[in-house]
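The values are calculated or read from the model by the stated rules, or taken from the named source; none is laboratory data. Keep in mind it's a predicted model, so treat the numbers as computed, not measured. Cβ coordinates were reconstructed from backbone atoms using ideal geometry, including for glycine residues, and neighbour counts include every protein chain displayed.
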Amino acid sequence: MEVPDAAPSVYYWRTTYTISEKERAWIKENKIEKIYLRLFDVVQKGDHDATPQATLQIKEDLPQHIELIPTVYVDEPVIRTYSNIDSLAVMIVRRVAQMASTHNFKYHELQIDCDWTKRSEERFFQLLRKMKEFDDKLVLSSTIRLHQLAMKAPPVDYGALMLYNTGNFRTADSNDDHNPILDARDVKPYLRYLADYKLPLCTAYPNFNWQLLFAKGQFKGILYGEDLNDSTSYRKVADDQYVVVTARDVPLSMGHYTIHLHPGQMVKVWRSAPQQINEVKTLVESCRSDINNQTIIYHLDEKNINKI
């Protein structure tokens with residue numbers, strides 16, 4: 001199977017499905033034809049069990065004119081420890097089908113996101129093979145992280161190469177220019193594996209900002225959509241660096257949790273850099289000419305989307 005030739009696609013990676021007018025305008029402006037819709041996570045429960053978590057709550061009608069591709073994140077410890085990997089595969093496929101039926105949308109593809117390692121590789125591949133066996137009409141895709149290019153390709157129809165979160169954000173409060181969201185210097189060591197990687201690939205690029213919270217140089221979390229120009233809460237001390245001036249609770253990560261801020265803590269902002277994205281696009285395309293035929297943007301969120 002070849003990578004589908006398509007206009008830009010986008011991930012929807014939140015726990016509640018609602019589309020704002022700003023997001024609708026962004027979808028229209030960027031001619032988005034596919035939404036990779038994260039439905040739920042599968043996480044470890046006990047030593048040998050698993051459970052769905054953070055199930056998407058769909059609060060409005062799903063779009064009829066855009067192709068929806070259910071996407072499920074499977075935590076790597078689940079792959080290593082779950083007692084019956086075949087039954088896990090069937091449970092995931094059935095749960096996706098149930099949610100699609102409940103919310104009245106059709107799909108022909110399922111994407112699995114998992115940061116598998118050498119330790120969990122064979123069991124993860126078994127999971128994928130069982131999914132295809134259970135529904136042989138299903139197009140199955142998988143995310144591919146850069147380090148996984150050096151490993152065997154999974155038994156799927158194509159992979160989405162994740163070209164974001166390439167650096168270490170936990171040390172990203174330094175004043176250097178190494179962008180942890182995406183930096184060509186982090187990508188280059190893996191290019192030697194790209195040309196011969198035995199799987200059709202498309203690419204996924206970042207379109208978001210990070211507000212990273214540090215206390216005395218120690219990473220504390222990623223804030224969500226804070227107004228850093230609010231002088232009652234933050235004081236700007238340098239380009240993209242702010243000091244907390246007011247103690248309060250604020251949303252953490254993608255809004256699922258909160259964290260308590262203390263005066264004196266530092267917030268470092270990193271943004272998706274168009275020049276880095278374009279540089280990486282050129283680099284990967286020099287190794288595989290068709291890799292950018294389809295691109296996926298990570299991710300749709302009014303508080304973090306930028307013009308692409």
### Message
Could you check the stretch 217-230 and list, in sequence order, the residues that are in contact (Cβ under 8 Å) with a residue 12 or more places away in the chain, of a type outside the set (Phe, Trp, Tyr) and surrounded by 10 or more Cβ atoms within 10 Å (Cβ to Cβ)?
### Response
Lys220, Gly221, Ile222, Leu223, Gly225, Glu226, Leu228
### Query
Just one of the numbered conditions (1) touching a residue at least 60 places away in the same chain (Cβ under 8 Å); (2) out of contact with any Ser or Thr (no Cβ under 9 Å at 6 or more places or on another chain) is not true of Val243; which one?
(1)
#### Entry: Qualifying positions in the stretch 270-308 - under 17 Å from the mean Cα position of the chain (by Cα) and hydroxyl-bearing (Ser, Thr, Tyr)
Ser272, Thr295, Tyr298
### Query
Name the helices (runs of 4 or more DSSP H) wholly within the stretch 55-156 that hold at least 2 residues that are of a type in the set (Asp, Glu)?
121-134
### Task
Scan the stretch 30-46 for residues that are loosely packed, with under 11 Cβ neighbours inside 10 Å and in contact (Cβ under 8 Å) with a residue 12 or more places away in the chain and jot them down.
Lys31
### Message
It is to be established whether one or more residues within the stretch 256-272 are out of contact with any His (no Cβ under 8 Å at 6 or more places or on another chain), surrounded by fewer than 17 Cβ atoms within 10 Å (Cβ to Cβ), over 30 Å from Leu194 (Cβ atoms) and among the aromatic types (Phe, Trp, Tyr).
### Response
yes
### Query
Which of the residues spanning the stretch 95-104 are of a type in the set (A, V, I, L, M, F, W, C) and either surrounded by fewer than 15 Cβ atoms within 10 Å (Cβ to Cβ) or modelled with pLDDT under 95 (or both)?
none
### Task
Being within 21 Å of Ala100 (Cα to Cα) and of a type in the set (Ser, Thr, Tyr) is the filter; apply it to the stretch 110-142 and report the residue that is surrounded by the most Cβ atoms within 10 Å (Cβ to Cβ).
Ser141
## Note on the structure
In the set Ala215, Ala204, Ala238, Ala247, the lone residue that is among the small types (Gly, Ala, Ser) and under 30 Å from Ile35 (Cα atoms) is Ala204
### Task
For Val280, indicate whether it is touching a helix residue (DSSP H, G or I) at 6+ places or on another chain (Cβ under 6 Å) and at pLDDT 95 or above.
yes
### Message
Yes or no: the stretch 195-206 includes at least one residue that is in the same structural domain as Val280 (by TED's automatic domain parsing), surrounded by fewer than 20 Cβ atoms within 10 Å (Cβ to Cβ) and free of Cβ contacts under 8 Å to residues at least 12 places away in the same chain.
### Response
yes
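Taking the stretch 157-191 only, how many residues are closer than 20 Å to Ile291 by Cβ and assigned to a loop (DSSP other than H, G, I, E, B)?
8
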### Message
Quick check on my filter: what residues within the stretch 204-246 are at pLDDT 90 or above, closer than 20 Å to Asp301 by Cα, assigned to a loop (DSSP other than H, G, I, E, B) and under 26 Å from the mean Cα position of the chain (by Cα)?
### Response
Asn207, Phe208, Glu226, Asp227, Leu228
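Condition first: hydroxyl-bearing (Ser, Thr, Tyr) and farther than 23 Å from Tyr298 by Cβ. Now tell me which residues in the stretch 80-119 satisfy that.
Listed by number, the residues that qualify are Thr81, Tyr82, Ser83, Ser87, Ser101, Thr102.
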### Some residue of the stretch 143-158 being without any contact (Cβ under 8 Å) to a residue 24 or more places away in the chain and surrounded by 19 or more Cβ atoms within 10 Å (Cβ to Cβ)
no
